[in-house]
């Protein structure tokens, strides 16, 4: 890292392989209002929301296949966003899609919206974020505002944006502006559209906050500023760790309630009638998607490096990770009660998406559940109205269409999509309901 006393001359920056920033101007002119880096589940809806709010948008995506999917209108989006996409694609150059990283320099504000997953060891995988920030910094020009929205560890905005910009010779807060505004998109949920959800913004300086707020006010119910980028980063970690801990507790109460002969959904619904001090969380087969099974590990990873213990969070995340194994264990018990071993059973999994209403299988518990059952010798198939195929060890499994439950020794219900007819489940002989939603089927068993 460069000393704070180092003077960054154009010649020195050239030797470092970094372009020198152009002289700052009071009111620079940009071709686009916003450049959105990453057009996945966050970036694309964000770009569409900004475009519909009157912003000129350029979207940058490293995957040409993803851009083809977007241009053809087949991207997995809410119906309202699909309509926005069709409208946006008809606006010509006011909504542009590209793989050219140089286009980062054409946006007055640059939003970084790339995934931040975890690896098989539950450690943060920062490769995509690091590469995106490196590109944004390399293309940065005076007058821009750079906003990180991807969930990450506390201090990442400074590590990946602020310090590299300073090494290029920029003065953050004067020549260029940096903020963290965590995304708050709930995929597949029409009740929580972006326009109705508040956004949190933390900036390096008050002017960084002002510029970011000015943009986000057009696609949020309101903007809540906080005192620093670190506060905003921790806010996002707290939000999703809160959910992970409470889901873990809901799963534990479900196990306890079954042992006592009680219906956990009835218990939770009754508790939810209390108008204060309670928020309902429901049990299930595990936690999937881009946030809850991943984000708390960014905090735990950082705390371990600082040798700080967080036993409650650690226990909750251990239980979250163990839940798919518990599903398989329960299926072994249920099959055994019917005189069948998992090792030679034919099992159908109903729904493999990580949540209802989406075609997304990232971190879906179904993937681990299926892998564990196959490793135990079971013959496993799945059916999902939204997911055509999944990658498993040894190749791909494709969704089957079935209305004859007699083909299967057991049916495991993992995800129930809205608008799909599941009445055929009433004719199953062994039905494990990991959703806890099929109360009307008296023969079903739960985890």
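Since every read-out is calculated from the coordinates, none of them should be taken as a lab result. Quick caveat: nothing in here was measured; it's all calculated off a predicted structure. Positions of Cβ are backbone-derived with ideal geometry, glycine not excepted, and every protein chain shown enters the neighbour counts.
Computed from Cα atoms, the angle from the helix 43-52 axis to the main principal axis of the chain rounds to 60 degrees. For segment 60-163, rounded, prolate or oblate, judged on the Cα gyration tensor with a ≥ b ≥ c (square roots of eigenvalues), a/c < 1.5 rounded, else prolate if a/b > b/c? Verdict is oblate for segment 60-163.
Helix 229-259 against the longest principal axis of the chain: what's the angle in degrees, Cα atoms only, rounded to the nearest 10? With rounding to tens, the tilt is 0 degrees.
If each residue's Cβ is checked for other Cβ atoms within 10 Å, how do 278, 95 rank with the fewest at the top?
Numbers: 278 11, 95 23.
With the sparsest Cβ surroundings first, the list reads 278, 95.
May I ask what percent, to the nearest 5, of DSSP beta bridges between residues of the chain are antiparallel?
Working: 7 of 47 bridges.
Here the antiparallel bridges make up roughly 15 percent for the chain.
Apply the a/c threshold of 1.5 to the C-alpha gyration tensor of segment 10-227 and tell me whether it is rounded, prolate or oblate. Taking the square roots of the gyration eigenvalues as a ≥ b ≥ c, segment 10-227 is rounded.
Relative contact order, whole percent, for segment 36-91 stands at 36, derived from Cα pairs under 8 Å and 6 or more residues apart. For the chain, relative contact order (Cα pairs under 8 Å, six or more residues apart, normalised by length) works out to 11 percent. Computed from the C-beta positions of residue 424 and residue 80 and an R0 of 51 Å, the FRET efficiency is 0.95 to the nearest 0.05. Among 275, 365, 45, the largest mean-square fluctuation in a Gaussian network model of the chain (Cα springs under 10 Å) belongs to 275.
Just subtract the alpha-carbon distance of residue 238 and residue 400 from 0.36 nm times their residue separation and send over the number in nm, one decimal.
Additional length available on full extension: 54.4 nm.
The separation of segment 133-186 from segment 321-390, counted between C-alpha centres, amounts to 41 Å.
An oblate overall shape is assigned to segment 335-446, the ratio a/c of its alpha-carbon gyration tensor axes (a ≥ b ≥ c) being 1.5 or greater and a/b not exceeding b/c. As a proxy for reagent exposure, ranking 433, 119, 186 by other Cβ atoms within 10 Å from fewest up yields 119, 186, 433.
Just to confirm the number: angle between the C-alpha axis of helix 311-337 and the first principal axis of the chain, 0 to 90 degrees, nearest 10? The helix 311-337 is inclined about 30 degrees to the chain.
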